[in-house]
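The values are calculated or read from the model by the stated rules, or taken from the named source; none is laboratory data. Model, not experiment: these values are computed from the prediction. A quick note on method: Cβ atoms are made from the backbone with ideal geometry, for glycine too, and the neighbour counts reach across all protein chains shown.
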Amino acid sequence: MKSKHYIYNHSDRLVMVFLLTLALTGIVLMFLVGGNGADTTASADSTAVATKDRNGNFIYARPMSRHACFAFDPNTADSTQLLRLGLQPWQVRSIYKYRAAGGVFRRKEDFARLYGLTKKQYEELAPYIRIGSDYQPAADYYGYEKSEYGGGAARTIRTENDTIRHYDYPHKLSATEHVNLNLADTNLLKRVPGIGSYWARRIINYRDRLGGFVSQSQLMEIDDEFPKTAIPYLKIALGSVRKMNVNTLTLGELKHHPYINYYQAKAIVDYRRLRGPIHSLNDLRLCKDFPPEEIKRLEPYVTF
């Protein structure tokens, strides 16, 4: 059997050599340039990166983070400065909105409240925060400090020889002195050790709602933890309680008292409507809303 020989003419051989050379060149270029099949180009200033796929299309383009640390005032810094510090655009917008609404960073610690700011970011930026004098608390310049006596305020004045004098501290009661709990105003109550402006206001507000105190233990009914050390300095004056007539007050007026809730006030109004005037709290004992302990603590405050 004769073997068949395929003979190519000269022009065919030239074409084949050219194609093989072109293919080989392409393969070499892929290994030298493509590497893993992706092309990454950087801009001249190295501030942005763009990545291409095998077809040469851009997959994404994002700015490279190049942070700088420098002194800044969060009350006046512009967006360019804030971005250079490494803050995100949405954080910068939050700062602008806060300032536009009248918000002020008075101390550098206030900047830690920025939404989304991490502990690491704050610790990096804190040494560079500079609050301008126009935005700092007035107390730092005009000498108002918190009193050690339960929230009062004391005024301090620095003299020419740099000595400090304190004014407006309330003179506290001695161990043998007492205050009438039902007659004292806020200034007198602030003289009680452990009581400052905050608790003086709370005491008077609760006293007005009650109609007066009949026991020091009622102070513990005030929301928040009342300072027990103040109780020995407070006394109760007999006959100083304001009573309410349960036969004439409306439902809204009745439930304003701390010891009468809505359901109890409604029970009183319904009793008056169905049975007539109330002559004694014993008349309400059959109502499920008035157990004996509720009637007992209400007795000093009602009249008929």
- Please state which of the following conditions W199 fails to meet, knowing it meets all the rest: (1) under 15 Å from V241 (Cα atoms); (2) surrounded by 19 or more Cβ atoms within 10 Å (Cβ to Cβ). (1)
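Is it the case that some residue within the range 260-277 is within 30 Å of V192 (Cβ to Cβ), out of contact with any Asp or Glu (no Cβ under 8 Å at 6 or more places or on another chain) and in contact (Cβ under 8 Å) with a residue 12 or more places away in the chain?
Start the filter on the range 260-277 by keeping residues that are within 30 Å of V192 (Cβ to Cβ), which leaves 260.
So of that shortlist, the ones also out of contact with any Asp or Glu (no Cβ under 8 Å at 6 or more places or on another chain) come out as 260.
Pick out the ones that are also in contact (Cβ under 8 Å) with a residue 12 or more places away in the chain and you get 260.
Within the range 260-277 (the criterion being within 30 Å of V192 (Cβ to Cβ), out of contact with any Asp or Glu (no Cβ under 8 Å at 6 or more places or on another chain) and in contact (Cβ under 8 Å) with a residue 12 or more places away in the chain), the answer is yes, since at least one residue qualifies.
Results for (1) among the small types (G, A, S); (2) within 21 Å of P127 (Cβ to Cβ); (3) in contact (Cβ under 8 Å) with a residue 60 or more places away in the chain, shown as yes or no for each residue.
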{"site": "H67", "(1), (2), (3)": "no, yes, no"}
{"site": "S79", "(1), (2), (3)": "yes, no, no"}
{"site": "Q91", "(1), (2), (3)": "no, yes, no"}
{"site": "Y98", "(1), (2), (3)": "no, no, no"}
{"site": "R106", "(1), (2), (3)": "no, yes, no"}
- The listed residue being among the hydrophobic types (A, V, I, L, M, F, W, C), modelled with pLDDT of 90 or more and in a loop (DSSP other than H, G, I, E, B), out of I203, I195: I195
